[in-house]
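S.K.: Mind having a look at this structure? Questions to follow.
Bear in mind these aren't lab numbers, they're just calculated from the coordinates by the rules spelled out. Just so you know, these numbers come straight off a predicted model, no measurement behind them. A quick note on method: Cβ atoms are made from the backbone with ideal geometry, for glycine too, and the neighbour counts reach across all protein chains shown.
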Ligand SMILES: [Zn+2]
């Protein structure tokens with residue numbers, strides 16, 4: 001799970017738009033993609049993953065799903081050329097009401113990405129925490145974002161990623177009724193056939209993730225995974241304890257993110 005990719009020199013300026021931890025330097029991202037290519041990984045789409053999880057199709061050896069949340073402009077300017085260089089596909093979850101805003105992707109960017117074999121999927125219309133929404137508002141966020149992307153790009157939207165990994169009791173039913181086939185949360189981990197397709201797990205790759213950790217993650221090195229899993233669990237516990245909203249406020253305060261209510265945050 002990625003968020004923004006930027007030139008190293010841009011990172012300070014962009015830190016005002018999102019949490020620094022979520023901005024990868026382009027050369028770091030490139031080294032990670034190179035590592036995947038060298039090690040023989042095959043990036044696949046969520047449709048491929050779903051087909052496999054329903055035992056309808058097979059996956060190539062060493063399958064991996066590369067995702068990006070939020071729809072930051074660097075996804076087009078920096079991530080796309082790197083992905084294209086390696087012939088990789090990735091899934092970009094965009095917040096439809098943020099498309100075209102400063103520092104965010106435009107519809108022109110997205111259609112170009114789509115043309116290059118990238119999958120554009122929903123990250124809702126406004127990036128709300130689902131736990132704060134009624135059933136009707138949940139439906140609106142899911143339906144509007146899906147329809148907007150489908151209308152603008154002429155490509156089908158069947159998957160979403162949950163803003164901040166947050167959910168509510170209506171999510172799965174509403175998603176299914178709105179035509180979604182699956183979704184990604186932010187829970188740390190790998191996916192297998194018994195993973196609920198509406199709660200596919202992911203592992204965040206961050207600004208400070210060293211290449212050796214990235215390598216250990218994709219190799220599923222038990223020791224590294226145990227450490228990362230403990231850290232993720234501690235963060236989730238802190239989030240529960242403080243309440244999701246307060247936790248994010250505190251996090252943004254620590255990282256100096258401005259305009260936290262209005263900007264599309266991870
Ligand atoms: Zn997000």
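S.K.: Starting from the Cα-Cα distance between residue 132 and residue 236, subtract it from 0.36 nm times their residue separation and give me the gain in nm to one decimal. Don't skip to the end; give the middle numbers.
M.R.: Details: separation 104, 0.36 × 104 = 37.44 nm, distance 1.77 nm.
Stretched out fully, the residue 132 to residue 236 stretch lengthens by 35.7 nm.
S.K.: For the chain, modelled as a Gaussian network with Cα springs under 10 Å, which listed residue fluctuates most, 59, 241, 130?
M.R.: Between 59, 241, 130, it is 241 that shows the largest mean-square fluctuation.
S.K.: Place the peptides 217-230, 72-85, 187-200 in order of packing, highest mean first, counting for every residue the other Cβ atoms within 10 Å and averaging per peptide.
M.R.: Working: 217-230: 13.5, 72-85: 20.5, 187-200: 15.4.
The most tightly packed comes first, giving 72-85, 187-200, 217-230.
S.K.: Place the peptides 88-96, 37-45, 115-123 in order of packing, highest mean first, counting for every residue the other Cβ atoms within 10 Å and averaging per peptide. It would help to have the intermediate numbers written out before the result.
M.R.: Working: 88-96: 23.7, 37-45: 15.6, 115-123: 20.9.
The densest-packed peptide leads the list: 88-96, 115-123, 37-45.
S.K.: Take every Cα pair under 8 Å in the chain that's 6+ residues apart, average their separations, divide by the length, and report that relative contact order as a whole percent. Provide the component values of the computation, followed by the final result.
M.R.: Values: 438 pairs, mean separation 55.4, N = 266.
Answer for the chain is 21 percent.
S.K.: Still on this structure: Which whole-number percent is the relative contact order of segment 149-199 (Cα, under 8 Å, 6+ apart)?
M.R.: Once normalised by length, the contact order is 36 percent.
S.K.: Do you know the relative contact order of segment 1-150, to the nearest whole percent, from alpha carbon pairs under 8 angstrom that are 6+ apart?
M.R.: So the answer I get is 21 percent.
S.K.: Percent antiparallel among DSSP beta bridges with both residues in segment 4-255, to the nearest 5? Kindly include the intermediate steps, with their values, before the conclusion.
M.R.: Numbers: 1 of 20 bridges.
In segment 4-255, approximately 5 percent of DSSP beta bridges are antiparallel ones.
S.K.: Please give the peptides 50-57, 178-185 ranked by average Cβ packing (other Cβ atoms within 10 Å per residue), highest first, as a rough proxy for protection. Could you put the intermediate results ahead of the total?
M.R.: Details: 50-57: 13.5, 178-185: 20.8.
The peptides rank, most packed first, as 178-185, 50-57.
S.K.: How would segment 4-255 be classified by its alpha-carbon gyration tensor: rounded, prolate or oblate, with rounded meaning a/c under 1.5 and the a/b versus b/c comparison settling the rest? Present the calculation step by step, with values, prior to reporting the outcome.
M.R.: Values: a/c = 1.14, a/b = 1.09, b/c = 1.05.
In terms of gyration-tensor shape, rounded.
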